[in-house]
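Here the structure comes first, spelled out in structure tokens, and everything after it is commentary.
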Amino acid sequence: MYSFQEKIDSCIDCKKCWDVCPANTVTEGNRFTPQGKIESLAKVVAGEKLTQDEMDNIYLSTRCGACDDVCPVDIPITDIIQYERELLAKQGREPAKTTAISKNIIERNSPGGMDPSKRFDWVTEDLEISEKSDIAYMAGCWVAHSQPDIARSTIRLLNHADIRPMLLKEEKCCGLFLIDNGHLEEAAEHAKKFVDYIESLGVKKVVVSCPGCYIVLNHEYPNLYRELDFDVEYSLNIFRDMINDGTLKPKKLDYTVSIRDACPVRNLKDVPRDILSSMVEVKELFDDKQVCCGGPAGLKPNFPEISSDIAMLSVKNYKEKADMLVSYCPFCMHHIGGVCKSKDEELNMKDISVLLAENIFGDVKEMKS
Ligand code: SF4
Ligand code: SF4
């Protein structure tokens with residue numbers, strides 16, 4: 001077992017993490033590098049005062065993982081950032097907005113503190129949903145409260161394969177924000193309540209639309225709580241299988257798209273590409289580079305301008321390369337959509353499940369009963 005400090009001391013100062021970090025890319029003077037973030041650990045552990053830049057740098061991260069991916073000596077940069085945030089929270093030094101969002105998740109069951117009674121407002125009468133089934137559908141906070149077309153499209157596509165999932169009537173926020181900000185005890189308690197509830201329903205599989213929910217349920221909950229008694233399936237995997245076995249036969253479209261890759265599932269990039277190439281020509285957005293949307297883990301509420309500048313990297317690039325930006329993360333949709341609206345910037349962006357459902361069934365907005 002290594003200590004984080006030993007790993008930090010193994011840094012060879014190659015600066016590879018500097019170049020891939022979007023927070024560093026959009027700010028001047030290399031003040032906010034991933035390397036700099038982890039170099040504050042000793043001071044944080046000792047409870048020493050941090051400069052404003054050092055403090056900001058720890059919270060100027062979406063924990064997208066791009067730095068982890070390029071570090072040649074495998075320093076777990078995002079784990080160290082999470083640990084620094086955990087210590088700062090325990091020392092009462094985390095940003096007030098981070099504390100408030102964490103409280104929203106625990107008390108109101110969504111990061112934005114949305115009205116819990118509106119969580120299932122996306123459900124329309126045309127959707128075939130079972131009262132009881134082996135398969136459940138989890139929309140997640142950002143789909144349920146901000147991008148309801150994703151949920152409707154997902155259920156329509158599942159129905160097409162004779163899958164009529166039940167809903168998790170006591171669906172919870174997955175708690176990714178708590179995990180990103182080192183609130184691990186609260187996240188573990190949250191995971192226990194949610195997993196125990198899902199298992200009480202006798203469900204064998206939970207289908208999720210959100211890459212964040214997918215990673216949290218599949219990979220974080222077993223660490224925070226215990227192995228799950230049910231499988232977690234990412235909706236795009238099901239849609240790809242449905243295209244491959246001929247259940248879905250998308251029509252060819254005469255425009256080009258760029259894909260806004262979702263950080264939590266950046267090791268599954270072939271899945272959205274397989275789906276999209278069945279209907280449209282794909283132009284790569286950032287070649288092999290993973291560039292986050294700039295929203296997650298508290299970057300957006302704590303540093304709105306930097307967060308907007310990061311979002312605009314995707315907008316600017318897609319406009320140079322393709323007719324449309326396609327996303328498979330509801331939070332990317334929410335964040336980039338909001339940034340463009342605030343700037344009066346034209347945006348042609350669509351979620352992949354919505355694009356696929358529209359291709360097969362027509363406009364999802366017209367599917368209401
Ligand atoms: S996780 Fe992403 S945003 Fe955070 S330091 Fe690494 S590259 Fe930068
Ligand atoms: S990529 Fe790794 S080794 Fe290179 S500067 Fe960053 S932390 Fe250090």
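Only residues that are more than 13 Å from Val257 (Cα to Cα) and more than 13 Å from the chain's Cα centre (by Cα) were counted in region 301-333, giving 14. The condition (being in contact (Cβ under 8 Å) with a residue 60 or more places away in the chain, within 13 Å of ligand 2 (Cβ to nearest atom) and over 25 Å from Ala187 (Cβ atoms)) is satisfied by just one residue among Ile8, Ile80, Ile12, Ile75: Ile12. One residue stands out among those in region 20-31 that are in contact (Cβ under 8 Å) with a residue 12 or more places away in the chain and under 22 Å from the mean Cα position of the chain (by Cα): the one that is nearest to ligand 1 (Cβ to nearest atom), which is Cys21.
Out of curiosity, is Glu358 assigned to a helix (DSSP H, G or I), at pLDDT below 95, surrounded by fewer than 21 Cβ atoms within 10 Å (Cβ to Cβ) and out of contact with any His (no Cβ under 7 Å at 6 or more places or on another chain)? Spell out how you get there, then give the answer.
Working: assigned to a helix (DSSP H, G or I): yes; at pLDDT below 95: no; surrounded by fewer than 21 Cβ atoms within 10 Å (Cβ to Cβ): yes; out of contact with any His (no Cβ under 7 Å at 6 or more places or on another chain): yes.
The answer is no for Glu358.
Which one is surrounded by the most Cβ atoms within 10 Å (Cβ to Cβ) among residues in region 88-126 that are without any contact (Cβ under 8 Å) to a residue 40 or more places away in the chain, among the hydrophobic types (A, V, I, L, M, F, W, C) and over 17 Å from Gln147 (Cα atoms)? Looking at residues that are without any contact (Cβ under 8 Å) to a residue 40 or more places away in the chain, among the hydrophobic types (A, V, I, L, M, F, W, C) and over 17 Å from Gln147 (Cα atoms), I get Ala100.
Table: residues versus (1) within 11 Å of ligand 1 (Cβ to nearest atom); (2) outside the structural domain of Pro148 (by TED's automatic domain parsing); (3) within 22 Å of Ser308 (Cα to Cα).
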{"residue": "Tyr59", "(1), (2), (3)": "yes, yes, yes"}
{"residue": "Ala66", "(1), (2), (3)": "yes, yes, yes"}
{"residue": "Asp74", "(1), (2), (3)": "no, yes, no"}
{"residue": "Gln82", "(1), (2), (3)": "yes, yes, no"}
{"residue": "Ala89", "(1), (2), (3)": "no, yes, no"}
{"residue": "Lys103", "(1), (2), (3)": "no, yes, no"}
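Evaluating Ser110 against the criteria (1) under 19 Å from the mean Cα position of the chain (by Cα); (2) within 16 Å of ligand 1 (Cβ to nearest atom) leaves one unmet condition, (2). The set of residues in region 33-79 being under 22 Å from Ile215 (Cα atoms) and assigned to a helix (DSSP H, G or I) consists of Tyr59, Ala66, Cys67, Asp68, Asp69, Val70, Ile77, Thr78, Asp79. Being farther than 28 Å from Lys103 by Cα, outside the structural domain of Ala136 (by TED's automatic domain parsing), of a type outside the set (A, V, I, L, M, F, W, C) and touching a Phe, Trp or Tyr at 6+ places or on another chain (Cβ under 9 Å) is a property that Asp261 has. When Glu220, Glu227, Glu233 are screened for being of a type in the set (Asp, Glu) and in a strand (DSSP E or B), only Glu233 passes.
Selection of region 8-19 for residues being buried (at least 16 other Cβ atoms within 10 Å of the Cβ) and either outside the structural domain of Ala66 (by TED's automatic domain parsing) or within 10 Å of ligand 1 (Cβ to nearest atom) (or both) yields Cys17, Trp18. How many residues does region 44-72 hold that are free of Cβ contacts under 8 Å to residues at least 12 places away in the same chain and either buried (at least 19 other Cβ atoms within 10 Å of the Cβ) or under 20 Å from the mean Cα position of the chain (by Cα) (or both)? So the count comes out to 1.
Against the criterion of being touching a Leu at 6+ places or on another chain (Cβ under 9 Å) and over 24 Å from Phe286 (Cα atoms), Phe32 does not qualify. Taking the numbered list (1) part of a helix (DSSP H, G or I); (2) away from ligand 1 (no atom under 16 Å from the Cβ); (3) out of contact with any strand residue (DSSP E or B) (no Cβ under 6 Å at 6 or more places or on another chain); (4) within 22 Å of Arg63 (Cα to Cα) in turn, Asp287 passes all entries but (1). Evaluate region 59-68: report whether one residue or more is over 17 Å from Asp9 (Cβ atoms), basic (Lys, Arg) and in contact with a Pro (Cβ under 9 Å, 6 or more places away or on another chain). Scanning region 59-68 turns up at least one residue that is over 17 Å from Asp9 (Cβ atoms), basic (Lys, Arg) and in contact with a Pro (Cβ under 9 Å, 6 or more places away or on another chain).
The values are calculated or read from the model by the stated rules, or taken from the named source; none is laboratory data. Please read these numbers as outputs of a predicted model, since none were measured by experiment. Note: ideal-geometry Cβ built from the backbone for every residue, glycine included; neighbour counts use all protein chains shown.
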